[in-house]
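Notes follow the structure.
The values are calculated or read from the model by the stated rules, or taken from the named source; none is laboratory data. Being a predicted model, the structure only gives us computed values, none of them experimental. Glycine also receives a Cβ, built like all others from the backbone with ideal geometry; neighbour counts cover every protein chain displayed.
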Amino acid sequence: MSKQLFSFEFFPPQTPEGVTKLAATRMQLVPLKPEFFSVTFGAGGSTQDRTLETIRQIKAEGYNAAPHLSCVGSTRENIRAMLNAYKNMGINRIVALRGDLPSGMASIGEFQYANELVEFIRAETGDHFHIEVAAYPEVHPQAKSAQDDLANFARKVKAGADSAITQYFYNADAYFNFVEAVRKLGVSAPVVPGIMPILKFSQLARFSDNCGAEIPRWMRKTMEGYGDDTESIRAFGLDVVTRLCEQLLAGGAPGLHFYTLNQPALSVEIWNRLKLK
Ligand SMILES: Cc1cc2nc3c(=O)[nH]c(=O)nc-3n(C[C@H](O)[C@H](O)[C@H](O)COP(=O)(O)OP(=O)(O)OC[C@H]3O[C@@H](n4cnc5c(N)ncnc54)[C@H](O)[C@@H]3O)c2cc1C
């Protein structure tokens, strides 16, 4: 079996305090020797400079950094400029996304779907970047059907993506079923599960409603039942997510990508419980 790859995702901080806090978060995750740290990008370019700056800091500290790049609302010229900036910084991995048009932004720009962005990155930069794309084991909320979403995913990989990271989910079968289905479509790229540790139920419920990731009823009911007892929610979340990771790795997942929300503690705790090296 090839080496399992682990990575951690951050969002770009908005304040100087946030920058300091994120640097401290990184220091706690560095000993886990992840393959890379990724940094999200606000669709429509809303965090463009902060994403670039965070990537620059991670790189300057000597770690592998992977910027997310979303194309919705953007032009070829703008994407080209960002690719060049990242290339010049010595970045060689990128998470290529469509993104979601921010409300109030009228034009979708020159790219409609992520497969067009992947094609563009390959055409502009050849094999320079390792390209990651997004995958949705529980089906992207705007997809016409599960089958359509799979076909679109396969098209995106065939456009030149090297691997994929999934939206988070709490049902291992959704992941295994997705991987099996894309293999049948001839996609052999690794699909790394995205893992969302559970900190606050209300926050998780909000995220999940937006992105179509299901919180199974038994989990939702249990967390609702804990009310304001954040300690119990934390303990429950750690047990459930650790068990999910165990199932995924035992079932052949090629690694794990943690959505840290810029907080290291839960990811580190899950890591330790999994006894990963
Ligand atoms: C790992 C990961 C990281 C993310 N990081 C960010 C981030 O940093 N910033 C951000 O804004 N968002 C981020 N997102 C969210 C993502 O941008 C949204 O989920 C967005 O709605 C879809 O982006 P995509 O790249 O998956 O789009 P696409 O692959 O383009 O798919 C979008 C929808 O269109 C359909 N579709 C795709 N191609 C076609 C086609 N050719 N014809 C017709 N229909 C098609 C798909 O089935 C799907 O329903 C991330 C998601 C994941 C899983």
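See the values below:
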read-out	value
Leading residue by the ranking (nearest to the ligand (Cβ to nearest atom)) among those in the stretch 147-173 that are small (G, A, S) and touching a strand residue (DSSP E or B) at 6+ places or on another chain (Cβ under 9 Å)	A164
Extreme residue, farthest from the ligand (Cβ to nearest atom), among residues of the stretch 78-107 that are under 18 Å from A65 (Cα atoms), in a loop (DSSP other than H, G, I, E, B) and within 19 Å of the chain's Cα centre (by Cα)	N92
Test for V19: is it more than 16 Å from the ligand (Cβ to nearest atom) and β-branched (V, I, T)	yes
Search result, residues across the stretch 131-146 that are free of Cβ contacts under 8 Å to residues at least 40 places away in the same chain and either more than 10 Å from the ligand (Cβ to nearest atom) or on the phi > 0 side of the Ramachandran plot (or both)	I131
E61, sole failed condition from (1) acidic (D, E); (2) within 20 Å of A159 (Cα to Cα); (3) more than 20 Å from the chain's Cα centre (by Cα)	(2)
Where a residue in the stretch 37-59 is more than 11 Å from L69 (Cβ to Cβ) and its partner, wherever it lies, is assigned to a strand (DSSP E or B), with Cβ under 6 Å and at least six apart	F37/F8; F37/A65; T54/V39; I58/F37; I58/A65; K59/A65
Residue under evaluation I58, criteria (1) within 21 Å of L276 (Cα to Cα); (2) away from the ligand (no atom under 14 Å from the Cβ); (3) crowded, with 17+ Cβ neighbours inside 10 Å; (4) among the hydrophobic types (A, V, I, L, M, F, W, C), criterion not met	(1)
Failed item, numbered, when A114 is tested on (1) near the ligand (Cβ under 9 Å from one of its atoms); (2) at pLDDT 95 or above; (3) among the aliphatic types (A, V, I, L, M); (4) closer than 18 Å to P12 by Cα	(4)
Among the candidates S232, S188, S202, residue that is over 16 Å from the mean Cα position of the chain (by Cα), modelled with pLDDT under 95 and among the small types (G, A, S)	S202
Test result for T125, in contact with a Leu (Cβ under 8 Å, 6 or more places away or on another chain), farther than 18 Å from A164 by Cα, free of Cβ contacts under 8 Å to residues at least 60 places away in the same chain and among the polar types (S, T, N, Q)	yes
Filter result for F129 (closer than 29 Å to A253 by Cα, in contact with a helix residue (DSSP H, G or I) (Cβ under 7 Å, 6 or more places away or on another chain), crowded, with 17+ Cβ neighbours inside 10 Å and aromatic (F, W, Y))	yes
